[in-house]
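Presented below is the structure to which this report refers.
The values are calculated or read from the model by the stated rules, or taken from the named source; none is laboratory data. Note that the coordinates shown come from a computational prediction; the quantities given were computed from them, not determined experimentally. Note that each Cβ is placed from the backbone with ideal geometry, even for glycine, and that neighbours are counted across all protein chains shown.
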Amino acid sequence: MLAAMSEADSLFAVLRQSADDAVVAAIESLVREAPDRALSRVNVIAFAAQNGLDEERVIAGFLHAARLGIFELSWNILCPGCGGVLQAGASLKSVKPQEYSCALCASGFEPTLDEVVEVTFTVNPRVRRIAAHDPDTLPVAEYFRQVFWGSGFDVPDDADLARTIDECTLDTMELPAREKAILSVTLPEAFVILFDPVSHTAQFVDVKGEPTRERQLLTVVIDKPGLATSTLELRPGPTRITFANRMNARALPGAWVADDNLHHLLGRRRPFLTAKRLLTNQVFRDIYRAEMLDAEQRLKITSLTFLFTDLRGSTELYERVGDLVAFDLVKAHFQVLGEIVAAEAGAVVKTIGDAVMATFPTPERAMAAALRMRSAMREMNTQRGSEDLLLKIGIHEGPCLAVTLNDRQDYFGQTVNIAARVQGLAQSRSIFATRPVVEHAQTSALLKRNGLSPESRRHALRGLGAEMAIYEIP
């Protein structure tokens with residue numbers, strides 16, 4: 001049930017002061033009226049699409065709601081193979097840089113922030129208690145839906161999910177903590193997986209050869225963390241499987257046939273809110289500074305777009321108009337750039353003197369921001385009747401590391417260095433960008449719509465051994 005009505009009303013009243021009205025109305029309707037399953041690990045990208053709302057406003061709304069205690073924010077490590085959640089933490093600091101492994105998929109991977117780390121929102125139990133707050137009460141299908149799979153897994157509707165699970169399943173059981181139980185099944189000639197979604201314990205069984213009438217015996221120990229053992233070979237026929245639950249929690253072991261039905265089910269995906277996108281969100285950086293990385297964390301991002309700006313001739317500007325006027329101008333320019341960055345789904349990482357370093361989830365958002373920045377500076381100059389604000393812009397995209405520098409979440413790597421060097425090439429009112437940015441499909445379409453043709457020249461960048469193609473956007 002919901003918390004006392006007056007308390008719930010007050011929380012949403014406060015939320016309306018910081019978030020979009022339509023977004024708050026949709027969130028309030030979700031919390032008050034949606035079934036329990038819809039409030040566990042909310043996929044905010046899907047939520048925005050279902051309600052016809054702007055994604056950035058929805059992300060901001062949920063962030064403010066979590067800050068107020070309406071939702072609990074979770075950072076989840078996803079297996080890219082099965083879509084299962086291998087680890088869930090309340091902070092980005094819970095994400096470790098070492099390799100994670102999935103027993104079900106028998107594979108390991110690094111936790112890249114733009115591919116396998118998702119951010120979800122679950123309603124706070126003080127606001128509304130849902131079944132997922134007591135996962136030991138969930139039946140098998142709902143445990144998979146609400147706890148095992150991440151928000152990027154496109155769960156079928158009830159009928160399809162029940163049918164698919166039934167087609168793939170030989171049998172399942174509910175096994176209390178610290179107990180043993182026997183599952184008696186007749187193994188078909190197939191590849192069978194003995195799996196517990198609670199502990200992620202898996203045992204592979206390759207069933208082949210002549211069928212047997214003699215009962216085969218097998219024991220599977222359920223512990224945490226679960227690791228896949230070597231593949232066993234058994235013959236088709238009656239088999240007694242003993243599951244020993246050594247956890248202090250209920251287990252849900254079962255025998256599953258790894259056929260096309262299972263592979264099709266595990267292959268279902270949909271867009272989700274990645275850790276990378278949240279780190280490039282200005283609202284998150286403004287209100288969740290404590291959620292940043294530990295000083296020793298180094299987390300990989302496979303693709304992030306960096307935009308650097310600087311004011312040309314700022315020293316002359318201070319001499320020409322005086323310190324006070326120049327300071328106000330620079331401050332106003334920072335405000336305008338910050339608003340544009342946020343509007344294009346980016347975030348200002350830091351300012352250095354008169355320069356700005358910003359990040360964007362994709363190249364076209366950075367280019368859109370750059371074009372708007374150039375237009376905004378022209379407008380400000382027109383209003384002043386002078387050419388005081390001459391903005392140089394450089395953009396580059398590539399892999400990097402998310403780190404903490406000087407108690408602030410920052411980025412490190414060659415991609416950052418190149419972006420800064422590219423900005424250094426720019427002249428007044430120029431936008432300089434690298435090939436990965438300009439040749440990005442959405443960026444190319446954006447430039448074409450604006451009637452802009454990038455001009456390519458080769459430049460030697462300081463610190464790089466070879467020249468590279470740099471494009472000027474006239």
Legend entry - Counted residues, the stretch 102-131 - those being of a type in the set (A, V, I, L, M) and over 21 Å from the mean Cα position of the chain (by Cα): 6
Inset, instruction - Out of the residues in the stretch 31-54 that are of a type in the set (S, T, N, Q) and in a helix (DSSP H, G or I), state the one that is surrounded by the most Cβ atoms within 10 Å (Cβ to Cβ). - result: 51
Inset, instruction - Would you list the helices (runs of 4 or more DSSP H) that sit entirely within the stretch 298-412 and hold 1 or more residues that are under 23 Å from the mean Cα position of the chain (by Cα), assigned by TED's automatic domain parsing to the domain that holds residue 440 and touching a residue at least 40 places away in the same chain (Cβ under 8 Å)? - result: 323-343, 363-384
Legend entry - Residues being within 16 Å of residue 16 (Cβ to Cβ) and either of a type in the set (Gly, Ala, Ser) or part of a loop (DSSP other than H, G, I, E, B) (or both) - total across the stretch 60-87: 6
Inset, instruction - Identify the residue in the stretch 348-367 that is of a type in the set (Val, Ile, Thr) and touching a helix residue (DSSP H, G or I) at 6+ places or on another chain (Cβ under 9 Å) and, among all such residues, is nearest to residue 436 (Cα to Cα). - result: 362
Inset, instruction - Can you give me the number of residues within the stretch 70-101 that are more than 16 Å from the chain's Cα centre (by Cα), modelled with pLDDT under 95 and either farther than 16 Å from residue 115 by Cα or buried (at least 16 other Cβ atoms within 10 Å of the Cβ) (or both)? - result: 3
Legend entry - Evaluation of residue 57 against (1) outside any helix (DSSP H, G or I); (2) farther than 25 Å from residue 157 by Cα; (3) at pLDDT 95 or above (one fails), failing number: (1)
Inset, instruction - Go through the stretch 432-453 and give me each residue that's over 14 Å from residue 365 (Cα atoms) and either crowded, with 20+ Cβ neighbours inside 10 Å or charged (D, E, K, R) (or both). - result: 432, 434, 435, 448, 449
Legend entry - Positions within the stretch 373-400 being surrounded by fewer than 19 Cβ atoms within 10 Å (Cβ to Cβ), modelled with pLDDT of 90 or more and more than 19 Å from residue 427 (Cβ to Cβ), in sequence order: 379, 399
Inset, instruction - Scan the stretch 413-447 residue by residue and report those that are part of a strand (DSSP E or B) and of a type outside the set (Gly, Ala, Ser). - result: 431, 432, 434
Inset, instruction - Identify, by number, the condition in (1) over 30 Å from residue 361 (Cα atoms); (2) in contact with a Pro (Cβ under 6 Å, 6 or more places away or on another chain) that residue 277 doesn't meet. - result: (1)
Inset, instruction - Report yes if some residue within the stretch 13-24 is in a helix (DSSP H, G or I) and either within 26 Å of residue 156 (Cβ to Cβ) or touching a strand residue (DSSP E or B) at 6+ places or on another chain (Cβ under 9 Å) (or both); otherwise report no. - result: no
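Give the number of residues within the stretch 196-222 that are in a loop (DSSP other than H, G, I, E, B) and buried (at least 17 other Cβ atoms within 10 Å of the Cβ).
Result for the stretch 196-222: 4.
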Legend entry - Matching residues, the stretch 58-82, being in contact with a Phe, Trp or Tyr (Cβ under 8 Å, 6 or more places away or on another chain) and aromatic (Phe, Trp, Tyr): 62, 71
Legend entry - Candidates 90, 103, 131 - the one that is under 15 Å from residue 36 (Cα atoms) and hydrophobic (A, V, I, L, M, F, W, C): 131
Inset, instruction - Filter the stretch 454-474 down to the residues that are in contact with a helix residue (DSSP H, G or I) (Cβ under 7 Å, 6 or more places away or on another chain) and of a type in the set (Gly, Ala, Ser), then identify the one that is surrounded by the most Cβ atoms within 10 Å (Cβ to Cβ). - result: 469
Inset, instruction - Could you tell me whether the stretch 448-467 includes any residue that is within 27 Å of residue 286 (Cβ to Cβ), of a type outside the set (A, V, I, L, M) and either within 26 Å of the chain's Cα centre (by Cα) or part of a strand (DSSP E or B) (or both)? - result: no
Legend entry - Selection count, the stretch 102-137, where residues are buried (at least 19 other Cβ atoms within 10 Å of the Cβ), assigned to a loop (DSSP other than H, G, I, E, B), of a type in the set (A, V, I, L, M, F, W, C) and touching a Phe, Trp or Tyr at 6+ places or on another chain (Cβ under 9 Å): 4
Inset, instruction - Would you check if residue 52 is small (Gly, Ala, Ser), at pLDDT below 95 and not assigned by TED's automatic domain parsing to the domain that holds residue 197? - result: no
